[in-house]
Amino acid sequence: MIIDADAHVVETAHTWDYLDGSEKKYRPQLFQSADNPNAQYWFLDGKNIGFRNATLSEQELIALSKATGRTLQTAADARELRDVELRLQHMDALGIDVQILFNTLWIARVADKPEAEIALCGAWNRWMADVWKQGENRLRWSCVVPAMTISETLRQIRFARDNGAVAVSLRPFENDRHLVEPYFYPIYEEASRLGMTIAIHIANGSPQLMDQFKPRYDKMGGFAQFRIPTVITCLSLMMSDVPTLFPKLRWAFVEASAQWLPWVVNEAIRRSGTKGFPKNPCKEFRIYITAQTDDDFPYVLKYAGEDNIVIGTDYGHTDASSEVDAIEVFRNNSDVSDTVKKRILDDNPRAAYGL
């Protein structure tokens, strides 16, 4: 079984049709830039809560693919899951049996009020539950949670688990809290009980850090805002008591590549100051990392081992992480043995997401 460990769905107006009753007052509105028709943003209560992934034409996607050297073409109805069957057909063409779906909007904080966060997360999770029911169990997903309200988070996790979810999405920073804080322990306890993975996809729920790391005079995009917090959280997790407190809980660090992992592992070992720290913390602490096709796999595997690296396509996006045919590209990597390729494409993601 070939598993795409990082694929996406792009939210549309239809997503918010899943808001319940009185929650409809929290329905985000989509606005388009007058200067750039491809620049669209979701607004709630007069505030920009995030961008909508650009709806590029086939010609624009082809041109962008040529410019980046990576295949980026996906049909709008497939990436927005308006047509689930079309998505499954494209997966067949790509040689993918199962995709793990992540959100697009929750890369930053989407709501200032707990009630609004509860409503938006609930709608998204109900949408994905509906998609899963149509998807022949091939579209598994990572639920979004209203982390400002732990009791509601636990309720939504249970609903998600009953409707095809395999993971709980948390951002490296949730407002002013970091993920190793005891505040999150009830989430970890419930995820562990249900056999779900904690997925730390590149994101940043701290408005302060988002503003501090916003690119102003350079072209590095979201590297500092989104990737660096993900790396920090991995090191923090390794050096915390959390993996010991929750010995069955799995962790996935998604879409930050894996090239940084040797640095983090070496730092953790060096800074631990104890002989008891594991030589392979990824295996010991059940930490899985999604790689990109241009990562130095022999170098990464030296530190991660062969059992904790997975790979994803970032299906549906057009950013620096996206490569629709990543699975096929990786299969042609002459630096990795066929045995290890099978682990990365099949065995490891099965273990990572409890499939």
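The values are calculated or read from the model by the stated rules, or taken from the named source; none is laboratory data. Quick caveat, the model's predicted, so the values are computed rather than measured. Please note: Cβ atoms are built from the backbone with ideal geometry, for glycine as well, and neighbour counts cover all protein chains shown. Areas reflect the complete protein model, heavy atoms only, side chains present, ligands, DNA and RNA absent. Shrake-Rupley method; radii C 1.70, N 1.55, O 1.52, S 1.80 Å.
Structural remarks
- Rounded to 5, percent antiparallel among DSSP beta bridges of the chain: 30 percent
- Alpha-carbon centroid distance for the pair the stretch 75-133 / the stretch 278-310, whole angstrom: 27 Å
- Ignoring aspartates and glutamates fewer than eight residues from Lys283 along the same chain, the ones with Cα atoms less than 18 angstrom from its Cα are Asp241, Glu267, Glu306, Asp307, Asp346, Asp347.
- Accessible surface, 1.4 Å probe, highest first, among residues Glu136, Glu174: Glu136, Glu174
- Accessible surface of Cys121, taken over heavy atoms with a 1.4 Å probe and every protein chain present, rounds to 0 Å².
- Length added when fully stretched, Asn48-Leu30, from 0.36 nm per residue minus Cα-Cα: 5.5 nm
- For a label point 7 Å along the Cα-to-beta-carbon line of Glu306, residues of the stretch 336-355 with backbone N under 18 Å: 336-352
- In the distance distribution for the chain, Cα-Cα pairs more than 33 Å apart total 23 percent.
- Calculated FRET value between Leu86 and Thr244, using beta carbons and R₀ = 51 Å, to 0.05: 0.70
- Accessible surface, per residue, of the chain when the full set of protein chains is kept, probe 1.4 Å, Å²: 43 Å²
- Accessible surface of the stretch 134-180, 1.4 Å probe, proportion on carbon and sulfur as whole %: 43 percent
- In units of the rule-of-thumb radius 2.2 N^0.38 Å, the stretch 117-176 shows an alpha carbon radius of gyration of 1.10.
- For a straight C-alpha distance cut-off of 28 angstrom, the lysines reachable from Lys219 (same-chain residues fewer than eight places away being disregarded) are Lys47, Lys66.
- Exceeding the 31 Å Cα-Cα cut-off - candidates Lys248/Lys302; Lys275/Lys342; Lys133/Lys214: Lys275/Lys342; Lys133/Lys214
- When Lys279, Lys214 are compared by accessible surface with a 1.4 Å probe, the order from highest to lowest is Lys279, Lys214.
- Length-normalised contact order of the chain in % [C-alpha pairs under 8 Å, at least 6 apart]: 19 percent
- Mean residue ellipticity (222 nm) of the chain, computed from DSSP H runs ≥ 4 via -39,500 (n - 2.57), nearest 500: -10500 deg cm²/dmol
- Gaussian network model of the chain, springs between alpha carbon atoms under 10 Å - residue of Gly276, Gly305, Gly205 with greatest fluctuation: Gly276
- The solvent-accessible area of His90, taken with every protein chain present and a 1.4 Å probe, is close to 50 Å².
- Exposure rank, largest accessible area first [Phe102, Phe43, Phe226; 1.4 Å]: Phe43, Phe226, Phe102
- If the chain linking Met1 and Gln40 were pulled fully straight, counting 0.36 nm for each residue of separation and taking away their Cα-Cα distance, it would gain 10.4 nm.
- Difference of contour (0.36 nm per residue) and Cα-Cα distance, Met220 to Asn266: 14.0 nm
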